[in-house]
Amino acid sequence: MGLIPADELISYDMDLTRKEGEESKALAKFIHGTAFTMTFWTFKTGAVIPEHQHEHETLTTVLSGSLRLVVDGETMILRAGDSGLVPSWAIHEAEVLEASEVIDVYTPVREDYVARQTGKFETYLATSQDRT
């Protein structure tokens, strides 16, 4: 419990579609609680979050900009102030329509993001996306 100063959060390159030599279009800062992960995203126009699914229920809130969020085949356009709910194990993807700042709240904790922060890349994205 306590203050978590914004200037002490580290930005991580989370652009999974970036080609070598290209600038990242997706940066993230993480806060982990005992039962949730909160992610502060900064996206550039054109960023793509490929189709995927995971155990985490997710609340996505757009602070600025806009994005297209597709959840189990349903398309939503989220603009500043809008939120979208992604149920556990729902197939989802997103495309950033204009530069955006977004907050995602996940429950339970995103252990794969914890692994990303601690440099354990071999487990990054694997842990939470395996239903077995």
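Of the residues screened, Phe40 is one that is buried (at least 17 other Cβ atoms within 10 Å of the Cβ) and within 14 Å of the chain's Cα centre (by Cα). Considered as a group, the residues in segment 12-34 that are more than 15 Å from Asp104 (Cβ to Cβ) and among the small types (Gly, Ala, Ser) include one that is nearest to the chain's Cα centre (by Cα), and that residue is Ser24. Among the residues of segment 25-41, is there at least one that is farther than 24 Å from Gly2 by Cα, among the basic types (Lys, Arg), out of contact with any Asp or Glu (no Cβ under 7 Å at 6 or more places or on another chain) and without any contact (Cβ under 8 Å) to a residue 60 or more places away in the chain? No, there is no match, as no residue in segment 25-41 is farther than 24 Å from Gly2 by Cα, among the basic types (Lys, Arg), out of contact with any Asp or Glu (no Cβ under 7 Å at 6 or more places or on another chain) and without any contact (Cβ under 8 Å) to a residue 60 or more places away in the chain. Hey, does segment 104-118 have a residue that's over 25 Å from Gly2 (Cα atoms) and at pLDDT 95 or above? Looking through segment 104-118, none of the residues is over 25 Å from Gly2 (Cα atoms) and at pLDDT 95 or above. Contact annotation: no residue pair with Cβ atoms under 6 Å, 6 or more positions apart or on different chains, pairs a residue in segment 67-87 that is under 15 Å from Asp104 (Cβ atoms) with a partner that is acidic (Asp, Glu) and modelled with pLDDT under 95. Filtering segment 1-11 to residues that are within 18 Å of the chain's Cα centre (by Cα) and small (Gly, Ala, Ser) leaves Ala6, Ser11.
For Gly46, the conditions (1) surrounded by 12 or more Cβ atoms within 10 Å (Cβ to Cβ); (2) within 18 Å of Val105 (Cα to Cα); (3) at pLDDT 90 or above are fulfilled apart from (2).
Against the conditions (1) in contact with a Gly (Cβ under 9 Å, 6 or more places away or on another chain); (2) surrounded by fewer than 17 Cβ atoms within 10 Å (Cβ to Cβ), Thr34 satisfies every one except (1).
The values are calculated or read from the model by the stated rules, or taken from the named source; none is laboratory data. No experiment lies behind these values; they were computed from the predicted model shown. Virtual Cβ from ideal backbone geometry, glycine too; neighbours counted across all protein chains shown.
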